[in-house]
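K.L.:
Sharing a structure with you now.
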Amino acid sequence: MTERQWSVGTSREAIDMHEKYIVQTYKPHGFVYARARGVWVWNPEGEKKMEMLSCYSALGGGHCHRDILRAFVRQARRYWPGSNAFYNDVAPLFAKELVEFCGMSKALPINTGAEAVERAMKIARKWGYTCKESSGDALGLESVVEAVETAKTWGRKSKGIPLDTAQIIMCDNNFHGRTITVISASSHDRYKRYFGPLTPGFTLIPYGDLGALEKAITPNTVAFIAEPIQGEGGIIVPPDGYLSGARRICQKHDVLLIWDEIQTGLGRCGKRFAHQYEDAKPDILILGKFLGGGPGQVSAAVCNDKVAGVLEYPEDGSTFQCHPIDSAAALAALRLIQDENLAERAFEMGNYFQTELEKLRSPHIKEIRGRGLLKGVELKHELGGARPFVVRLIDEGILCNQTHEHTIRFAPPLTITKREIDWALKRLKKVLA
């Protein structure tokens, strides 16, 4: 009896089958992953490349890190998901260490980044509609008495705005996922052109503009959601003071501050979270990607006391929420970040990488941006786009990608060494200088 295949034999076969059987929502480059360890990847033919994209920051520990792999496999041998009709013995430990790591109160684990963004929106909207002691009308509650009792239960007040009128402020050039509701808040027409009718309730403002933020706030504004560094938008770092200024404005107007740190969090930018470069702690922190360590698919909306009790049964849930195998991988990832000082490492290696990139003095480079090990190299627009340069870098052995047309994104594993960065810089110099 012929043994069944568990992977495709050649790169050409993999590409052909991918294009034949998978809906093409991406434009992959012509390299096929077949084996990987740390920062190195091999295709079916044995060709070796350096991982400098990390699955858009999901592989902070690199490929197949022994600690994360061990935790994932150990739990897979114990039991698989047992339904959210019951408890499991892994998710609560993961949640405990996550909220302690974030300095928050409670976490709402979910599966993907876009789902975590949607949960943050749900929390913000419900918070805005309910439990204001000072006005019993327009709350969607039966009476002032009910409003007062609910407020006592939750131990806080909210805006108490009329039902179905909540507004959430977001930024131009954002990227928070591709669900219908999330793309409704996008400024990129190509993400939403054919998918209407779209979800109402969003106001877009320029990124980095505190005056625009304060001007956009109305009595019905419940939240401001933004990325502390715009990732898909081209690795855009806001002006100094923007993050702390946004926090100050949100507090002044009783608006929730929500940072989407799916790409920038968990050590990627040289601190645990990118918002920690300023005094800008949010009410809700959205995490994903490296939260699952690589093999796990975990995201979370991590909440402070102000909003931790807003969602109740049966207002939310998911079949694979608190998945024990994913939770085990996430727990290992959180411990890895702390045990191996990955945030500090990203800060040190990121500064070195930035300095050496600037030394290239390339005639093609317009600007180098980013923090820690999230770097964007924007090329001069007259060159016609970054993709041809990305193709050449891949040919030279560096797996990376373009973002926002003209910018090459580099996001290597946080475990990368100086020697490995030097290996990459030689090839970067060849292509860019």
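K.L.:
Could you sort 253-259, 90-96 so that the peptide with the highest average Cβ count within 10 Å comes first and the rest follow in order?
P.N.:
253-259, 90-96
K.L.:
Then there is this: What lysines could a cross-link reach from Lys106, if we take a straight Cα to Cα line under 20 Å and drop same-chain neighbours fewer than 8 places away?
P.N.:
Once the sequence-local lysines are set aside, what remains near Lys106 is Lys96, Lys122, Lys126, Lys152, Lys157, Lys281, Lys289, Lys306.
K.L.:
Which residue fluctuates most in the GNM of the chain (Cα springs below 10 Å): Met17, Met349, Met170?
P.N.:
Greatest mean-square fluctuation among the candidates belongs to Met17.
K.L.:
Along each of its three principal axes, how wide is the spread of alpha-carbon positions in the chain, in whole angstrom units, largest first?
P.N.:
Largest first, the chain extends 70, 58, 44 Å along its Cα principal axes.
K.L.:
Any idea what the dipole of the chain comes to, in debye rounded to 20, about its Cα centre with Lys/Arg Cβ at +1 and Asp/Glu Cβ at -1?
P.N.:
Charge dipole of the chain: 1100 debye, to the nearest 20.
K.L.:
Using Cα pairs closer than 8 Å and at least 6 residues apart in sequence, work out the relative contact order for the chain, in percent. Numbers along the way, then the final one.
P.N.:
Values: 853 pairs, mean separation 91.4, N = 433.
Normalised by residue count, the contact order of the chain is 21 percent.
K.L.:
May I ask you to list the trypsin sites (Lys or Arg not before Pro) in region 164-246 that are in a DSSP loop and have at most 16 other Cβ atoms within 10 Å of their Cβ? Let's see the in-between values first.
P.N.:
Values: sites: Arg178, Arg190, Lys192, Arg193, Lys215; in loops: Arg178, Arg193.
Answer by residue number: Arg178, Arg193.
K.L.:
Give the aspartates and glutamates whose C-alpha is closer than 20 Å to that of Lys48, dropping any in the same chain fewer than 8 places away, or say none.
P.N.:
Glu13, Asp395, Glu396, Glu420, Asp422
K.L.:
I've got another one for you. Using DSSP loop states and a limit of at most 16 other Cβ atoms within 10 Å to flag GluC sites (Glu not before Pro), what is the longest stretch of the chain containing no flagged site?
P.N.:
Excluding the exposed sites themselves, the longest stretch runs over 143-311.
K.L.:
Could you grab the relative contact order for region 278-433? Cα pairs under 8 Å, six or more apart, rounded to a whole percent.
P.N.:
Averaging sequence separation for qualifying contacts and normalising by length gives 18 percent for region 278-433.
K.L.:
Still on this model: Any of Lys192/Lys380; Lys271/Lys429; Lys215/Lys252; Lys192/Lys366; Lys359/Lys380 with alpha carbons more than 19 Å apart? Name them for me.
P.N.:
Lys192/Lys380; Lys271/Lys429; Lys192/Lys366
Every number in this text was worked out from the coordinates using simple rules, so none of it is lab data. Since the model is a prediction, treat every value here as computed from it, not as a measurement. Methodologically, a virtual Cβ is constructed for each residue, glycine included, from the backbone with ideal geometry; neighbour enumeration extends over all protein chains shown.
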